[in-house]
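Read the structure below first, then the notes.
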């Protein structure tokens, strides 16, 4: 996300600055959290849940964090089947933004 916002800043300084400020507010409002990388043992324990090996650490971290939503653009690998298998609710950033209501 930050990489995309920095690209906006390069393209249009005013828009980029506004986007970065809005992103900061969004992260506070959503109570976003950072989760430590899983241990090799945690990765191994969750390997059976998803086919793509590179996605196992992400999935293991998400399961450890037990988020309200796992937000990802990787809909090819984080599918409804994976959601059902793990009990994690998943959405794309676009779906998340579309579901937000702005208080006035």
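The values are calculated or read from the model by the stated rules, or taken from the named source; none is laboratory data. Everything numeric in this text was worked out from a predicted model, so none of it was measured. So basically every Cβ, Gly included, is an ideal-geometry build from the backbone, and we count neighbours across all protein chains shown.
Residue count for the range 59-84, restricted to those that are modelled with pLDDT under 95, in a helix (DSSP H, G or I) and over 15 Å from residue 32 (Cα atoms): 0. What about residue 31, is it surrounded by fewer than 11 Cβ atoms within 10 Å (Cβ to Cβ), assigned to a loop (DSSP other than H, G, I, E, B), out of contact with any strand residue (DSSP E or B) (no Cβ under 6 Å at 6 or more places or on another chain) and modelled with pLDDT of 95 or more? Criteria not met by residue 31. The criterion of being outside the structural domain of residue 100 (by TED's automatic domain parsing), more than 16 Å from residue 96 (Cα to Cα) and either without any contact (Cβ under 8 Å) to a residue 60 or more places away in the chain or under 13 Å from the mean Cα position of the chain (by Cα) (or both) holds for residue 18. The residue that is nearest to residue 99 (Cα to Cα), among those in the range 45-58 that are out of contact with any helix residue (DSSP H, G or I) (no Cβ under 8 Å at 6 or more places or on another chain) and outside any loop (DSSP other than H, G, I, E, B), is 58. For residue 42, the criteria (1) in contact (Cβ under 8 Å) with a residue 12 or more places away in the chain; (2) in a helix (DSSP H, G or I); (3) within 25 Å of residue 82 (Cβ to Cβ); (4) within 16 Å of the chain's Cα centre (by Cα) hold in every case but one, which is (4).
Please enumerate the residues belonging to the range 85-104 that are at pLDDT 90 or above, more than 18 Å from residue 47 (Cβ to Cβ) and surrounded by 12 or more Cβ atoms within 10 Å (Cβ to Cβ). If the condition is that a residue be at pLDDT 90 or above, more than 18 Å from residue 47 (Cβ to Cβ) and surrounded by 12 or more Cβ atoms within 10 Å (Cβ to Cβ), then 90, 91, 92 are the ones that fit.
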